[in-house]
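Below is one structure, written out as structure tokens, with a few remarks after it.
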Amino acid sequence: MAGPGILRLYLVSALALSSCSLSLASDQRNADRVVRLPGQPESPSVSQFSGYVTVNERHGRALFYWFFEAQTTPEEKPLLLWLNGGPGCSSIGYGAVSELGPLTVVRQGAALKFNEYAWNKEANLLFLESPVGVGFSYTNTSSDLDSLNDDFVAEDAYSFLVNWLERFPEYKNREFYISGESYAGHYVPQLAELVYERNQNKKGKSYIDLKGFIVGNPITNDYFDSRGLAEYAWSHAVVSDEVYKSIKKYCDFKNSNWSNDCSATMDIVYSQYQEIDIYNIYAPKCLLNQTSASSAVQAFFENGQDQFRRRIRMFSGYDPCYSSYAEDYFNRKDVQRALHANVSGLVPGKWRACSDPILNSYNFSVFSVLPIYSKLIKGGLRVWLYSGDADGRVPVIGSRYCVEALGLPIKTQWQPWYLDKQVAGRFVEYHGMSMVTVRGAGHLVPLNKPAESLTLINTFLRGEQLPTQR
């Protein structure tokens, strides 16, 4: 049996190791602080950090993050992770500087401006470039890029969270939520499930206080999403009655391998979107010849069955060519230095808003995440799905089919919600989750309807109901 002296030695050693770990975490955190970015407005002040978190030491795999503390009382606010989809699109190029971050990029990437509708008004906001190979995230093992699938992405994101919380220990016991859009309709619930499962098995160091998730215009179930895309195109006068009759005749969307007749008919649908923006059917089309975007859009129309394509356009009233401005900004060397990005030069080529190689090599193996919804709803998590109702790529029709398929009893009937005395959208509350539409928004809801999206996320985080009175 160990004597008192030995026990004291163990205790002192443990305390010393703990103190050393905290000191290293503090040093790394301080090194990640971003004092001020090129072109950033002098006021208001923004507390921000960015850098790399290693997720696999053996492979030399590291993910890039950008973190904004809440604008007021960050010590009282929850932690909110945001993920963009693609697969292959950057959460800093879209979510952070184009949609919901406090600093958004202005024309030609010359500067940043403050976003008065930023989501860090109500939460500490964390953006992650995922999977590896997206944006500034990198690996020293090239075979990693051939292994990407939903499980791989979820494991890396979980490893990132555990290691990031070691660097920012004050958030370890904070309420945690996950959010995202488009193909993050897979990433978000899958990461939530992984956190939920690991929480059952381990307490203490790796416990994450997950409370719920919210997804926007999410890829959810291949059958319902494909069916919704076709029905939306017909119901919104994009295609003719004859084309829609052919779809109903030839297309069995339950079969992932479409027949030749179905593919030919759906090609007609996609061809109608060459002249308009599929991601917001009432928006103006970007007329710039964008090197980073044009190839992906062309590939989308050449192969309509691909899961998802790059999002490059904006809603009416905004500059529709914003992704090129983000690329101009993040390829500036002074910006990369300020963000502690690409410090070792391991990121190949230019920074892109979306990665064609990642999209083209991604292994699509999960066709529905609805079973995860059922599991996590039963586990007591708060679950919301929202949909901009002008999106033709992941339309509200398909999302309604997905939610209805869960078979949840209705708590509050379908009804309007309001902002500034106007109908902002509709919502329905089930016992277990809520579905919300945002009127006039396309695929990128926080970009198209910033005030509505801020109301939406604040209501979700507070566990409240959307305003039902003018």
Problem set entry | Members of the range 113-133 found to be closer than 27 Å to V153 by Cα, assigned to a helix (DSSP H, G or I) and not aromatic (F, W, Y), listed by number | N120
Exercise. Being in a strand (DSSP E or B), touching an Asp or Glu at 6+ places or on another chain (Cβ under 9 Å) and surrounded by fewer than 22 Cβ atoms within 10 Å (Cβ to Cβ), is that true of even one residue in the range 345-355?
Worked result: no
Exercise. Farther than 20 Å from G39 by Cβ and among the β-branched types (V, I, T) - does that describe any residue in the range 101-114?
Worked result: no
Problem set entry | Test: residue in the range 66-80 that is basic (K, R) and not in a helix (DSSP H, G or I) | yes
Exercise. What about Y418, is it touching a strand residue (DSSP E or B) at 6+ places or on another chain (Cβ under 8 Å) and either crowded, with 18+ Cβ neighbours inside 10 Å or at pLDDT below 95 (or both)?
Worked result: no
For this session: Can you confirm whether the range 91-112 contains a residue that is surrounded by fewer than 24 Cβ atoms within 10 Å (Cβ to Cβ), assigned to a loop (DSSP other than H, G, I, E, B), of a type outside the set (A, V, I, L, M) and out of contact with any Pro (no Cβ under 9 Å at 6 or more places or on another chain)?
Result: no
Exercise. Is there a residue in the range 37-52 that is out of contact with any helix residue (DSSP H, G or I) (no Cβ under 7 Å at 6 or more places or on another chain), more than 30 Å from V347 (Cβ to Cβ), loosely packed, with under 12 Cβ neighbours inside 10 Å and at pLDDT below 60?
Worked result: no
Exercise. Pick from S374, S399, S387, S365: which is polar (S, T, N, Q) and part of a loop (DSSP other than H, G, I, E, B)?
Worked result: S365
Exercise. Looking at Y171, Y232, Y187, which is the one that is modelled with pLDDT of 95 or more and more than 30 Å from T54 (Cα to Cα)?
Worked result: Y232
For this session: Looking only at the range 422-449, count how many residues are over 16 Å from D391 (Cα atoms) and either in contact with a Phe, Trp or Tyr (Cβ under 7 Å, 6 or more places away or on another chain) or among the small types (G, A, S) (or both).
Result: 5
Seminar exercise, completed: Residue pairs within 6 Å by beta carbon, gap of at least six or interchain, first lying in the range 450-470 and touching a residue at least 40 places away in the same chain (Cβ under 8 Å), second assigned to a helix (DSSP H, G or I), listed first then second, are S453/V445; S453/P446; I457/W119; L466/T459
Seminar exercise, completed: W414 meets each of (1) more than 20 Å from I178 (Cα to Cα); (2) in contact with a Phe, Trp or Tyr (Cβ under 8 Å, 6 or more places away or on another chain); (3) outside any strand (DSSP E or B) with one exception, condition (3)
Seminar exercise, completed: So, first residue under 16 Å from F67 (Cα atoms) and among the acidic types (D, E) in the range 22-48, second residue modelled with pLDDT of 95 or more and surrounded by 11 or more Cβ atoms within 10 Å (Cβ to Cβ), Cβ within less than 6 Å, six or more apart or across chains; the pairs are D32/F49; D32/G51
For this session: Would you mind stating whether T437 is hydroxyl-bearing (S, T, Y) and over 21 Å from the mean Cα position of the chain (by Cα)?
Result: no
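Results for (1) within 17 Å of H443 (Cβ to Cβ); (2) within 15 Å of the chain's Cα centre (by Cα); (3) polar (S, T, N, Q); (4) not in a loop (DSSP other than H, G, I, E, B), shown as yes or no for each residue.
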| residue | (1), (2), (3), (4) |
| --- | --- |
| N173 | no, no, yes, no |
| A192 | no, yes, no, yes |
| N199 | no, no, yes, yes |
| Y207 | no, no, no, no |
| I219 | yes, yes, no, no |
| R227 | no, no, no, yes |
Exercise. What single numbered condition from (1) more than 26 Å from the chain's Cα centre (by Cα); (2) at pLDDT below 55 fails to hold for R309?
Worked result: (1)
Exercise. Restricting attention to the range 136-171, and to residues there that are among the β-branched types (V, I, T) and surrounded by fewer than 22 Cβ atoms within 10 Å (Cβ to Cβ), which single residue is farthest from C354 (Cα to Cα)?
Worked result: V162
For this session: Please enumerate the residues belonging to the range 64-105 that are aromatic (F, W, Y) and touching a strand residue (DSSP E or B) at 6+ places or on another chain (Cβ under 6 Å).
Result: F64, Y65, W66, F67, F68, W82
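The values are calculated or read from the model by the stated rules, or taken from the named source; none is laboratory data. Predicted model only: the values in this text are computed from it and were never measured. All Cβ positions, even for glycine, are placed from backbone atoms using ideal geometry, and neighbour counts span all protein chains on display.
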